[in-house]
Structures are given as structure tokens and as C-alpha cells.
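Okay, so here's the structure we're looking at.
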Amino acid sequence: MVDTTGDLTTSPQAELSPELEEFAQQIADQVESFLIAVRAIARGEASGGQAISLLLLVVSQVLLAGGRLGVQEDFQPTDEYEPDPGPDPDLDDMRLRLAVLLEGVDAYTEVFDPYVDPPELVSSLLSDELTSIASALAHGLRHHKAGRVAEALWWWQFSYVASWGGEASAALRALQSVVAHDRLDAEFQSELEDVAAAEQMLGSAAD
């Protein structure tokens, strides 16, 4: 599990409405579920196609949290400067494990911004993107666990718009493409084999 605790000090916080407190807890739960799942997948608790399918699922779920953050009015941090949440968790081992697990499909190409003309193609690594997403989410979770709920909401929302939202969207598209190729290419190959078998049977009958 990603270490998102540590020695944290709390600071006085502006009182939030019960609705916002509940909303923040829901986001925190989704974030923690994502971090636990990705770390478990990287450890090899799922392999091959199952790992890809599970990553597709958890990225989809965390994007739902991002979408919920994105439609809210801009959150404001309590302090003018972001309090130091302590050192971010070391996720380099997770990144390396993901790179090994995803070998063969780790590298992919995406359109950086669909509204830029001409479109700019960017090469990325799924292992890097997933680790970057986890790092941003864990940073906000540390604020939340320290009782800085407003700071956590501000960070999650800001970083969703600025970084991890785009990274997760790109990773989701790449993972979905892997699943689609796996399913559709297999069906296409099966159809080719069926056609070849039928032609062979027809040829034998003609003889």
C-alpha cells in the first residue's frame, strides 16, 4: 500500500459544510482505492490481460472522481501558501514494476491537445503516466489525512485540471486500445481461420 501517512501536523482549517466534508471523504476513498489497486497490480497480484483490464477499471473509476471535482466551483485553499504535507511516497519501485508488467504495450502515442491545429503527437509510457497520477493523488491524500480538507480538495481539483486528468484520460485510451486489439484482433484471426477452413472444405468437395 502506498504510504500516505507519516508525521503530519494539522493546521487550523476553515469550517466546511457537511456536504463538502462528505464529498471530500468520497474523493479520498476513491483516491485511496486507486493507490492500493495500482500498487497491488504492480506487485504482480494480477498478470497479463487481467492486469490490463484491472488498470482500465481503476483508471476509469478515478477519472469519475476527477470529473466530480472538475464540475465543482473552484475550491480555495485555507492558507495563501500550500502547507508542506511532508515527503511524497517513493513510487519509483512501483513505476519500474509497472514497466516490466506492461512490457510490449507500455509505450504509446497520443494527441497532446485535440484543439491545437495541427495536432501534436506525443510519445508516453503507461508506467510513467500511472505513477505520475498516483503521485499527484497521494499528495492530496496526505493533506486530507492531516485534516487539511480544503487544501486536499483544492489540490485534487487543481492537479486534475493541470496534470493528472489529462494523464489519466490518455492512459485510459491506451488501455482501452490494448483491450480492443486483444479482443477484436483475436476475433478477426478466428474469422480468417474459419474462412480458410471453409475454402479447404470447398476445394476438397470440388475434387
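Would you please name the residue that is modelled with the highest pLDDT, looking only at residues in the range 171-207 that are under 18 Å from L63 (Cβ atoms) and β-branched (V, I, T)?
Ranking the qualifying residues of the range 171-207, first place goes to V178.
Restrict the check to the range 103-122 and report whether at least one residue is among the charged types (D, E, K, R) and within 20 Å of G67 (Cβ to Cβ).
The answer is yes, given that some residue of the range 103-122 is among the charged types (D, E, K, R) and within 20 Å of G67 (Cβ to Cβ).
Step by step: first the residues of the range 143-170, then only those that are among the charged types (D, E, K, R) and part of a helix (DSSP H, G or I), then the one that is farthest from V58 (Cα to Cα). Which residue is that? Reasoning before the result, please.
We begin by selecting, within the range 143-170, every residue among the charged types (D, E, K, R); these are 145, 148, 151, 167.
Now restrict to residues that are part of a helix (DSSP H, G or I): 145, 151, 167.
Working: K145: 22, E151: 24, E167: 14 Å.
Selected residue: E151.
Counting just the residues of the range 26-85 that are under 14 Å from the mean Cα position of the chain (by Cα) and hydroxyl-bearing (S, T, Y), which one comes out nearest to L98 (Cα to Cα)?
S53
So which residues in the range 22-81 are in a loop (DSSP other than H, G, I, E, B) and basic (K, R), if there are any at all?
Correct list: R43 only.
Taking L57 as the residue in question, decide whether it is at pLDDT below 95, aliphatic (A, V, I, L, M) and surrounded by fewer than 20 Cβ atoms within 10 Å (Cβ to Cβ). Reasoning before the result, please.
On the way: at pLDDT below 95: no; aliphatic (A, V, I, L, M): yes; surrounded by fewer than 20 Cβ atoms within 10 Å (Cβ to Cβ): yes.
So L57 fails the test.
Mind checking whether some residue in the range 101-121 is surrounded by 16 or more Cβ atoms within 10 Å (Cβ to Cβ), acidic (D, E) and part of a helix (DSSP H, G or I)?
Checked against the condition, which is being surrounded by 16 or more Cβ atoms within 10 Å (Cβ to Cβ), acidic (D, E) and part of a helix (DSSP H, G or I), the range 101-121 yields no hits at all.
The values are calculated or read from the model by the stated rules, or taken from the named source; none is laboratory data. Since this is a predicted model, take the numbers as computed values, not measurements. Positions of Cβ are generated from backbone atoms using ideal geometry, with glycine treated the same way; all protein chains shown enter the neighbour counts.
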